[in-house]
1. For Thr207, state whether it is open to solvent by 20 Å² or more (accessible area, probe 1.4 Å), under 16 Å from the mean Cα position of the chain (by Cα) and farther than 13 Å from Leu127 by Cβ.
2. Strands (runs of 3 or more DSSP E) wholly in segment 1-108 with at least 1 residues that are out of contact with any Lys or Arg (no Cβ under 8 Å at 6 or more places or on another chain) and surrounded by 22 or more Cβ atoms within 10 Å (Cβ to Cβ) - which ones?
3. Going through segment 177-195 one residue at a time, which ones are modelled with pLDDT of 95 or more, under 18 Å from the mean Cα position of the chain (by Cα) and either of a type in the set (D, E, K, R) or surrounded by fewer than 17 Cβ atoms within 10 Å (Cβ to Cβ) (or both)?
4. Tally time: how many residues in segment 158-176 are at pLDDT 90 or above and open to solvent by 50 Å² or more (accessible area, probe 1.4 Å)?
Amino acid sequence: MNEGRDDVRATYDRIATHFAATREHPWPEVETFVADADPAGAGLDLGCGNCRHAELLAERADRVLAVDLSRGLLEAGRDRAGERGFGIDPIQADASALPIASRAVNLATYVATLHHLPSRAARIASLDELARALAPGGRALVSVWATTHDKFANERGDEAGEEGFDTTVDWTLPDGTVVDRFYHIYAPAEFEADLAESSLAVEEVWTAKGNCYAVVTPEQKRP
């Protein structure tokens with residue numbers, strides 16, 4: 001069921017306009033994380049979509065790097081930034097190979113994107129890239145869809161929550177066309193294991209409303 005990166009990019013380019021129009025408001029968890037952050041020189045919205053979270057980062061950071069694999073979503077983000085008067089530096093890039101200097105970012109959000117990467121190796125590589133991009137003392141909020149979500153508990157019964165799995169989730173365009181989107185749905189223990197395998201250190205990890213969250217820093221944990 002794994003899609004490649006080109007498939008993921010093509011999917012989001014195809015649905016970008018409609019998807020962006022349905023993503024008006026930032027997540028409350030992101031609002032809280034950014035509001036509690038110190039002023040930053042550089043912010044990073046990794047998997048920025050229409051830049052609803054980059055807009056929050058722009059209130060704290062002097063410069064915001066808005067990264068997404070989809071050119072269509074970056075265009076939607078650029079439009080939002082122009083309409084609302086906040087600045088971004090849009091970058092089209094794979095989350096597991098960031099064209100960002102090491103230790104360049106002080107504050108980052110990586111929300112609802114990691115689970116779209118098509119393999120565990122790619123997901124851990126992207127966490128390593130986040131660690132590389134974060135400056136000493138930098139912090140990031142990472143989130144993924146979890147097996148504790150009601151949708152997956154209903155579909156999988158007693159198995160839900162025990163083991164992560166690959167699936168597709170439908171997106172229906174205004175004309176009725178249904179587009180499949182790849183997801184890796186994380187079990188909470190699996191999310192913690194991937195964070196532990198990466199170069200990030202975890203300050204806090206929790207599960208709420210069908211999502212796993214972690215606040216992470218760039219401290220290296222490997223010998």
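1. On the way: open to solvent by 20 Å² or more (accessible area, probe 1.4 Å): yes; under 16 Å from the mean Cα position of the chain (by Cα): yes; farther than 13 Å from Leu127 by Cβ: yes.
Yes: the conditions hold for Thr207.
2. So the answer is 40-46, 61-68.
3. Of everything in segment 177-195, those that are modelled with pLDDT of 95 or more, under 18 Å from the mean Cα position of the chain (by Cα) and either of a type in the set (D, E, K, R) or surrounded by fewer than 17 Cβ atoms within 10 Å (Cβ to Cβ) (or both) turn out to be Glu190, Glu192, Ala193, Asp194.
4. Here the count works out to 6.
The values are calculated or read from the model by the stated rules, or taken from the named source; none is laboratory data. Just so we're clear, the structure is a prediction, and the values are computed from it rather than from any experiment. Neighbour counts run over all protein chains shown; Cβ positions are idealised from the backbone, glycine included. All accessible areas refer to the heavy atoms of the entire protein, side chains included, with ligands and DNA or RNA removed. Shrake-Rupley method; radii C 1.70, N 1.55, O 1.52, S 1.80 Å.
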